[in-house]
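Heads up: the structure comes next, in structure tokens.
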Amino acid sequence: MSDEAEKPKDEDRKAFFGDGFFAWQGGGKTYQKEMYEATQYNVEKYWGGFSEESVDEASYRLPDWAIGPFRKYESNPIFAPAEEGWDRGRFGGGVHNGSVVRKDGKFYYIYRGEEPLREDYWGGAEEGLTDMGAMDYICDIGVAVSSDGIHFERAAGCGQLFRRGEDEDFSFEDVCVVKHEDTYYLYCNKWDWRDFSNPKGNGVFIATSKDLLHWVKVGLAFPEATRIHRNPCVLQNPDNEAVRANGKFVMYVNDGLIAYSDDLIHWESREMSEFWPGGEGCFALADYSDAHPDGILLFTGGHHTGHFYAVGEVFLTKSNPEQALAWLPRPVLIAEERYPWEDARSAANPDEIISYFRDTIFFTGMTRHEGQWMAYYGGSEVYTCLALADAKQKYG
């Protein structure tokens, strides 16, 4: 159990989340070298508010509420930027941070794809002359399909789902998808680079679908917000169906925020009285454990015991989804230098540096299939990789 002394300081949390826009989201050639140096393992900079009590990793065993240990798929990465087109990637980003949902025996990967920002986006202004002049990328959402959850093919006609018409100049990123009854609900981050700090135009965006291929835009989930709401994690079960807690659907949002809804469209947020270490939410899971039928397992991604971005786990309950009962003292997934695609290098040419995100693991998609948890994480923010863990329990 965690005690008061171990809870992260509020100033540490604010330093991480900032005003809702992270410093490392920036781009531009002048920024790349700085970030490449900054995203290395650093205990002083990236401890993340965890207890400094030592852990004997040789004898440590995960508590029964946790999922893991995870093992990385031997043939990673499983999905890479296209050779050309809207999701061809750019220096520092590619195809990642998507949701995986199973339907009719298939795996659907609804993912974030990146491309370089078009040259005239800033109206000819030189880099640095505007508030966000260094931004050099833009994202949209695509769909890929697989029969085994490993080998994915892009679905024809399902690329660049949202950046059309009046939304052409917005960036859509980091996906959460859940099913309820006969409808799929997609939540992602929407950004307007020209006015990125305005919560009236930025934050959690909603779309719906009946088949995971064709999507109808709904709009911002928090149109009246006075601060940025981002990185939506809607509580779901191992079959990626939305789960209620105390009669309400639950969404974990950034910076100590939580939101509730009756219909998965209209959301009301509130600030939690306390927070936990580990950064932003990745994935929120319920109904996953026989031993803890009321349990919620929230995966987090951010500064973690020296890692720039690693994945941790926090334990809460449906009875009180705002109070963390415990969290793991060490991450369950970290980037490793031995894998080029996790060390900012090309999978095809390991001598080529293609990203400044060196010590960075983050995921927003996971499902349970044939006795295994399948978590889809980003390698250096460029590739999609797979990690597996035994699903020892049969709850749900």
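For first residues located in segment 16-35 and closer than 18 Å to GLU119 by Cα, partners that are among the basic types (Lys, Arg) and surrounded by 18 or more Cβ atoms within 10 Å (Cβ to Cβ) and lie 6+ apart or on another chain with Cβ distances below 9 Å form the pairs GLY27/ARG90. Here is the figure for segment 46-70: residues that are over 30 Å from ARG368 (Cα atoms) and either buried (at least 17 other Cβ atoms within 10 Å of the Cβ) or at pLDDT 95 or above (or both) total 3. Answer yes or no as to whether GLU313 is at negative phi, assigned to a strand (DSSP E or B) and at pLDDT 95 or above. Answer is yes for this residue. Scanning segment 65-82 for residues that are in a strand (DSSP E or B) and not basic (Lys, Arg) yields one hit, PHE79.
Kindly evaluate ASN254 against the criterion of being in contact with a Lys or Arg (Cβ under 8 Å, 6 or more places away or on another chain), surrounded by fewer than 16 Cβ atoms within 10 Å (Cβ to Cβ) and more than 24 Å from LEU161 (Cα to Cα). No.
Please go through segment 375-393 and give me each residue that is of a type outside the set (Ser, Thr, Tyr) and either surrounded by 22 or more Cβ atoms within 10 Å (Cβ to Cβ) or touching a helix residue (DSSP H, G or I) at 6+ places or on another chain (Cβ under 9 Å) (or both), ordered by number. Matches in segment 375-393: ALA375, GLY378, GLY379, GLU381, VAL382, CYS385, LEU386, ALA387. When both residues are 6+ apart or on different chains and their Cβ atoms are under 9 Å apart, which pairs have a first residue that lies in segment 167-194 and is at positive phi, and a second that is in a strand (DSSP E or B) and hydrophobic (A, V, I, L, M, F, W, C)? Close Cβ pairs (under 9 Å, with a partner that is in a strand (DSSP E or B) and hydrophobic (A, V, I, L, M, F, W, C)) amount to ASP174/CYS139; ASP174/CYS188; ASP174/PHE362. Is it fair to say GLU370 is closer than 24 Å to LEU186 by Cα and either touching a residue at least 60 places away in the same chain (Cβ under 8 Å) or surrounded by fewer than 24 Cβ atoms within 10 Å (Cβ to Cβ) (or both)? For GLU370, the condition - closer than 24 Å to LEU186 by Cα and either touching a residue at least 60 places away in the same chain (Cβ under 8 Å) or surrounded by fewer than 24 Cβ atoms within 10 Å (Cβ to Cβ) (or both) - is not met. Filtering PRO223, PRO238, PRO232 for residues that are of a type outside the set (A, V, I, L, M), more than 18 Å from the chain's Cα centre (by Cα) and modelled with pLDDT of 95 or more leaves a single hit, PRO223.
The values are calculated or read from the model by the stated rules, or taken from the named source; none is laboratory data. Keep in mind the model is a prediction, meaning the values are calculated, not measured. Cβ coordinates were reconstructed from backbone atoms using ideal geometry, including for glycine residues, and neighbour counts include every protein chain displayed.
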